[in-house]
Amino acid sequence: MKKLKNQKGFTLIEMLIVMLIITVLIAIAIPNVSKQTTAVDEKGCTAFVQMVQGQVESYRMDERSVPTLAQLVSEDYLKADNQTCPNGDLIEISPEGVVSSRPA
């Protein structure tokens, strides 16, 4: 009979322990990632509102009137698909020309 060589490797218990550690790390990381996604969407909406406010001011200088959202789109100041924030909030322009967002 041939002797088996002393082979090095991981035992089943060692593999299970590694899998347990990875699972715990993932369970800790996922809630933190979802919280950051919400913060990114809110900051993205704030930036989008500021960008639309800039377009309102540009329209105001060109046309000497306060635009509606539809006028901004029809005059190519905004793209047709750029009428909501990244988080889904709706954009509104007041009669004074102040841009704000509200939940959909």
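What follows draws every value from the coordinates through simple rules; no lab data is involved. Note that the structure is predicted; figures quoted are calculated from it, not measured. A quick note on method: Cβ atoms are made from the backbone with ideal geometry, for glycine too, and the neighbour counts reach across all protein chains shown.
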Q. What number, rounded to the nearest 500 deg cm²/dmol, is the helix-based mean residue ellipticity at 222 nm of the chain, given -39500 (n - 2.57) per DSSP H run of at least four residues and division by all its residues?
A. -20000 deg cm²/dmol
(Q) Run the numbers for Glu57 and Lys35: contour at 0.36 nm per residue of separation, minus the present Cα-Cα distance, in nm. (A) 4.5 nm
Q: Name the residue, out of Leu90, Leu78, Leu25, whose mean-square fluctuation peaks in a Gaussian network model built on the chain with Cα pairs under 10 Å.
A: Leu25
(Q) Treating the range 5-83 as a set of equal point scatterers at the Cα positions, no solvent, please give the Debye-formula log₁₀ I(q)/I(0) at q = 0.12, 0.13, 0.19 Å⁻¹. (A) -0.59, -0.62, -0.86
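At a Förster distance of 30 Å, what's the computed FRET efficiency of Ala104 paired with Ile28, Cβ-Cβ distance as r, to 0.05?
E between Ala104 and Ile28, to the nearest 0.05, is 0.40.
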Q: Using a 10 angstrom cutoff on alpha carbons, build the Gaussian network for the chain and name the most mobile of Met15, Met61, Met51.
A: Met15
Q. Based only on Cα atoms, what Rg/Rh ratio does the range 41-104 have, Rh being taken as Kirkwood's radius?
A. 0.94
